[in-house]
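S.K.: I have a structure I would like to understand better, so I am pasting it below and will then ask my questions one at a time.
The values are calculated or read from the model by the stated rules, or taken from the named source; none is laboratory data. Since this is a predicted model, take the numbers as computed values, not measurements. Positions of Cβ are generated from backbone atoms using ideal geometry, with glycine treated the same way; all protein chains shown enter the neighbour counts. Keep in mind that these areas ignore ligands, DNA and RNA; they rest on the heavy atoms of the full protein, side chains included. Shrake-Rupley method; radii C 1.70, N 1.55, O 1.52, S 1.80 Å.
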Amino acid sequence: MKQLVYVCLDGLGDDPNPGLGGRTPLEAADTPMLDRLAADGSQGLVTTVGPGIAPESDIGVFAILGYDPRLDHPGRGVLEALGSGMDFSDGDLALRINFATQDDGEIVDRRVGRDLPTEASEALAREVNERVTLPGATFALRATVEHRGALVIRSSEGPLSAAVGNTDPAYRKEGPLGVALETFGHRVARAEPLDDSDQAQRAAALVDRFTEESARVLEASEVNARRRAEGRLPANLILSRDAGDHVPHLTPIKERFGPSWGCFVEMPVERGIAMVLGMAAVDAPTDLPQREQYAGWAALAAEALGGYDALYIHIKGPDVPAHDGLARDKLEVIQDIDAAFFGELLPRIDLVRVVLAVTADHATSCVRKAHTADPVPLLVVGGGAPADATQAFGERAAASGRLGALTGVEILPALVDLMRP
């Protein structure tokens, strides 16, 4: 059996940008490595979750790994909690959280200006854990990376239901799916129950109580007093989204598709996905300068192929500047990935024996500063995969590729077919 390297470039797809001559950041970037792969391989366009759905990363990743998130997804909160090592059981309520900035109920910044160090968010979480109490319930708040974190609430009055809306207005909960919104209000939302059950009513009331009480603690925190004195935004609000209420029991990915998998993990949600799908976590360095980190990941990927049939590698880089509308920054991240990751990886792998696939979990538009429902490019090369006439990796080139239009769940079965002798 051939091996597989499956690379997801988070938020890679984009809109044509006036500042880039009507090209997308991917199309405008200088990417000789990816363009060479495109010339040797085939491209197509992927709707990762479904038409009209602007997915969050977790459901996009589930789909491109062959699991329909409508059927299999436990809620992002569960993945974040499991991936960060929190205690979680059926009937608990797990939510993804952001530390944010508010001014009298008006959200000023959902990510605290993107300059909240992990050490500061950990200190804030300790204060909340020590000083907030909930009626008839206990909770644990964990800061993970910068403004991100996870919250688990456990009721002494019986199980809680995940049928509760988000307090983060940028995302809507649709069953197990977290859907990103292009336009949204800036008032702190209430956690509305999404059905009439007692479990949902209690869950919503507890989330709202936590939001109110934690905001009081954060407003008075010395961490935020220092940030204000430095001219920085205070982290005086916790926004929650994508609740889950049960531990998932899914068919492991090896049993479902055949290959054994290693999964590069950078964020807790990726570690959580690896755990629930039965993939071995490969701890990749995250504390190096960007290009050094990408080069280090490439070397680690080539080494890790000695222990697994397939590797899933999720690179966060392109998504971050897109949320802030920074098309040039996104272009530069893509160029760094091309030069440092693919430039280091390709000399280390044999594309006769290795299938290489590159795609995205969703599009993130620099024009709209949000995830969108647009399809994303897919590139497949190596292992004897046939080539098409495309010569550059990009959205419009992918639209003319021989792979055509696919859904996310269709990718992995096709890749596994290419791995067979």
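S.K.: Have a look at G383, G408 and point out the one that is of a type outside the set (D, E, K, R) and over 28 Å from the mean Cα position of the chain (by Cα).
M.R.: From the options G383, G408, the qualifying one is G383.
S.K.: Give the residue, chosen from R70, R76, R96, R110, that is basic (K, R) and open to solvent by 30 Å² or more (accessible area, probe 1.4 Å).
M.R.: Only one candidate qualifies: R70.
S.K.: I'd like to check which helices (runs of 4 or more DSSP H) are fully inside region 1-108 and have at least 3 residues that are within 23 Å of the chain's Cα centre (by Cα).
M.R.: So the answer is 25-28, 57-64, 69-72, 76-83.
S.K.: Could I ask something else about it? How many of the residues making up region 309-363 are of a type in the set (S, T, Y) and either over 22 Å from A39 (Cα atoms) or surrounded by fewer than 21 Cβ atoms within 10 Å (Cβ to Cβ) (or both)?
M.R.: Residues in region 309-363 being of a type in the set (S, T, Y) and either over 22 Å from A39 (Cα atoms) or surrounded by fewer than 21 Cβ atoms within 10 Å (Cβ to Cβ) (or both): 1 in total.
S.K.: In addition: Can you name every one of the strands (runs of 3 or more DSSP E) wholly within region 115-204 that holds 1 or more residues which are under 22 Å from R228 (Cα atoms)?
M.R.: Where strands (runs of 3 or more DSSP E) fall fully within region 115-204 and carry at least 1 residues being under 22 Å from R228 (Cα atoms), they are 137-143, 148-155.
S.K.: Give just the number: which of (1) surrounded by fewer than 24 Cβ atoms within 10 Å (Cβ to Cβ); (2) within 30 Å of R256 (Cβ to Cβ); (3) among the β-branched types (V, I, T) does V61 not satisfy?
M.R.: Every listed condition holds for V61 apart from (1).
S.K.: Tell me, which residue of region 289-308 that is of a type in the set (D, E, K, R) and over 22 Å from V416 (Cα atoms) is surrounded by the most Cβ atoms within 10 Å (Cβ to Cβ)?
M.R.: R291
S.K.: Residues to consider are A243, A229; find the one that is open to solvent by 10 Å² or more (accessible area, probe 1.4 Å) and of a type in the set (G, A, S).
M.R.: On the way: A243 fails: open to solvent by 10 Å² or more (accessible area, probe 1.4 Å).
Exactly one residue qualifies, and that residue is A229.
S.K.: So, in region 1-14, how many residues would count as being open to solvent by 10 Å² or more (accessible area, probe 1.4 Å) and either out of contact with any helix residue (DSSP H, G or I) (no Cβ under 8 Å at 6 or more places or on another chain) or farther than 13 Å from A327 by Cβ (or both)?
M.R.: Qualifying residue count, region 1-14: 3.
S.K.: A follow-up question, please. So which residues in region 15-47 are open to solvent by less than 30 Å² (accessible area, probe 1.4 Å) and of a type in the set (A, V, I, L, M)?
M.R.: The answer is L20, L26, A28, A29, L34, L37, A38, V46.
S.K.: Among the numbered conditions (1) under 30 Å from A414 (Cβ atoms); (2) open to solvent by 90 Å² or more (accessible area, probe 1.4 Å), tell me where R209 comes up short.
M.R.: Evaluating R209 over (1) under 30 Å from A414 (Cβ atoms); (2) open to solvent by 90 Å² or more (accessible area, probe 1.4 Å) leaves (1) as the failure.
S.K.: What do you reckon, is G41 over 17 Å from A339 (Cα atoms) and touching a Lys or Arg at 6+ places or on another chain (Cβ under 8 Å)? Even if it seems obvious, please write down each step before you answer.
M.R.: On the way: over 17 Å from A339 (Cα atoms): yes; touching a Lys or Arg at 6+ places or on another chain (Cβ under 8 Å): no.
Against the criterion (over 17 Å from A339 (Cα atoms) and touching a Lys or Arg at 6+ places or on another chain (Cβ under 8 Å)), G41 does not qualify.
S.K.: Right, here's the next one. Can you confirm whether region 386-407 contains a residue that is open to solvent by 10 Å² or more (accessible area, probe 1.4 Å), touching a Lys or Arg at 6+ places or on another chain (Cβ under 6 Å) and either among the small types (G, A, S) or not in a helix (DSSP H, G or I) (or both)?
M.R.: Yes: region 386-407 contains one or more residues that are open to solvent by 10 Å² or more (accessible area, probe 1.4 Å), touching a Lys or Arg at 6+ places or on another chain (Cβ under 6 Å) and either among the small types (G, A, S) or not in a helix (DSSP H, G or I) (or both).
S.K.: Going through region 187-197 one residue at a time, which ones are in contact (Cβ under 8 Å) with a residue 12 or more places away in the chain and either buried (at least 18 other Cβ atoms within 10 Å of the Cβ) or among the charged types (D, E, K, R) (or both)? Give the steps one after another, and end with the answer.
M.R.: Let us first name the residues in region 187-197 that are in contact (Cβ under 8 Å) with a residue 12 or more places away in the chain, namely 187-195, 197.
Passing the criteria: R187, V188, A189, R190, A191, E192, P193, L194, D195.
S.K.: Also: Given the condition touching a strand residue (DSSP E or B) at 6+ places or on another chain (Cβ under 6 Å) and within 19 Å of L82 (Cβ to Cβ), answer yes or no: does some residue in region 180-189 qualify?
M.R.: The answer is no, given that none of the residues of region 180-189 is touching a strand residue (DSSP E or B) at 6+ places or on another chain (Cβ under 6 Å) and within 19 Å of L82 (Cβ to Cβ).
S.K.: Would you point out which residue out of T251, T286 is open to solvent by 50 Å² or more (accessible area, probe 1.4 Å) and under 16 Å from F62 (Cα atoms)?
M.R.: T251
S.K.: Another question, if that's okay. Does Y294 meet the test of being touching a residue at least 40 places away in the same chain (Cβ under 8 Å), aromatic (F, W, Y) and under 17 Å from R348 (Cβ atoms)?
M.R.: Working: touching a residue at least 40 places away in the same chain (Cβ under 8 Å): yes; aromatic (F, W, Y): yes; under 17 Å from R348 (Cβ atoms): yes.
Here the answer is yes, as Y294 does meet what is asked.
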